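I have placed the structure first, in the form of structure tokens, so that the comments after it can refer back to it.
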Amino acid sequence: MLSACGPWPWQDNIGLSVKDAVFGAEADSIIITTEGTSWWIDNISINDTTYSFYNDISIDIFGDSYTIEKDCFVVEKRDKTTLFVKMDANTTGEERFMTITFEAGDYFDYVRIKQLAE
């Protein structure tokens, strides 16, 4: 007889220095550090749009450094423990919400950034 196992024993192996941030309406940025070194960015959501990078051959998500540049943001993995996030000025008249999904093995963690409206 087989039985279901769970929850999985994965503990926080990323160790994010920041999980929530608020940016002003002007262009703003943050540097996030990690305790772990074996993580990658699984996806980034901004409002209702999600960018997935797992099968994106233009980015080596398992590499030590890379840059993801989209319409209103830049996310740069600078090394194994440093992530730089920059959002352009928010001229939409509404708050923007970004979620960055980190993965390391079967462990997932998130950074949520709210950017105020002008």
Original post:
Would you say residue 86 is of a type in the set (Lys, Arg), under 14 Å from residue 15 (Cα atoms) and surrounded by 13 or more Cβ atoms within 10 Å (Cβ to Cβ)?
Top reply: no
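What number of residues within segment 30-43 are closer than 11 Å to residue 83 by Cβ and assigned to a strand (DSSP E or B)?
Step one: filter segment 30-43 for residues closer than 11 Å to residue 83 by Cβ, giving 30-34, 39-41.
So of that shortlist, the ones also assigned to a strand (DSSP E or B) come out as 30-34, 40-41.
Here the count works out to 7.
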**OP:** Scan segment 86-97 and report the pairs whose first residue is small (Gly, Ala, Ser) and whose second residue is part of a loop (DSSP other than H, G, I, E, B), with Cβ atoms within less than 6 Å and a gap of 6+ or a chain change.
**Re:** 89/26; 89/27; 93/117
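When residues of segment 75-118 are filtered for being aromatic (Phe, Trp, Tyr) and over 11 Å from the mean Cα position of the chain (by Cα), how many remain? It would help to see each step written out before you state the result.
In the first step, residues of segment 75-118 are kept if they are aromatic (Phe, Trp, Tyr); the result is 84, 97, 102, 107-108, 110.
Next, only the ones that are over 11 Å from the mean Cα position of the chain (by Cα) stay: 97, 107.
Summing the residues that are aromatic (Phe, Trp, Tyr) and over 11 Å from the mean Cα position of the chain (by Cα) in segment 75-118 gives 2.
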Subject >> Scan of segment 70-84 for residues that are outside any loop (DSSP other than H, G, I, E, B), of a type outside the set (Ser, Thr, Tyr) and more than 11 Å from residue 115 (Cβ to Cβ), ordered by number >> reply: 74, 75, 76, 77, 78, 79, 83, 84
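Can you find a residue in segment 47-69 that is touching a residue at least 40 places away in the same chain (Cβ under 8 Å) and polar (S, T, N, Q)? Walk me through it before giving the result.
If we filter segment 47-69 for residues that are touching a residue at least 40 places away in the same chain (Cβ under 8 Å), which is where we start, we get 47.
Narrowing the set further to residues that are polar (S, T, N, Q) leaves 47.
Yes - at least one qualifying residue is present in segment 47-69.
Every residue in segment 59-78 that is among the aliphatic types (A, V, I, L, M) and modelled with pLDDT of 95 or more, please.
Of segment 59-78, the ones among the aliphatic types (A, V, I, L, M) are 59, 61, 68, 74-75.
Hits for segment 59-78 are 68, 74, 75.
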Original post:
Can you name the condition, by its number, that residue 56 falls short on among (1) crowded, with 18+ Cβ neighbours inside 10 Å; (2) among the acidic types (Asp, Glu); (3) modelled with pLDDT under 95?
Top reply: (1)
**OP:** Go through 91, 67, 50 for me and flag whichever is part of a loop (DSSP other than H, G, I, E, B), over 14 Å from residue 109 (Cβ atoms) and among the polar types (S, T, N, Q).
**Re:** 91
**OP:** With the checklist (1) touching a residue at least 60 places away in the same chain (Cβ under 8 Å); (2) within 16 Å of residue 107 (Cα to Cα) in hand, flag the one item residue 32 doesn't pass.
**Re:** (2)
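Among the residues of segment 29-56, how many are among the charged types (D, E, K, R) and either in contact with a Gly (Cβ under 9 Å, 6 or more places away or on another chain) or under 17 Å from residue 96 (Cα atoms) (or both)?
Residues of segment 29-56 among the charged types (D, E, K, R): 35, 42, 48, 56.
Okay, now just the ones that are also either in contact with a Gly (Cβ under 9 Å, 6 or more places away or on another chain) or under 17 Å from residue 96 (Cα atoms) (or both), so 35, 48.
Within segment 29-56, residues that are among the charged types (D, E, K, R) and either in contact with a Gly (Cβ under 9 Å, 6 or more places away or on another chain) or under 17 Å from residue 96 (Cα atoms) (or both) number 2.
The values are calculated or read from the model by the stated rules, or taken from the named source; none is laboratory data. Computed from a predicted structure; not experimentally measured. All Cβ positions, glycine included, derive from the backbone under ideal geometry; neighbour counts span all protein chains shown.
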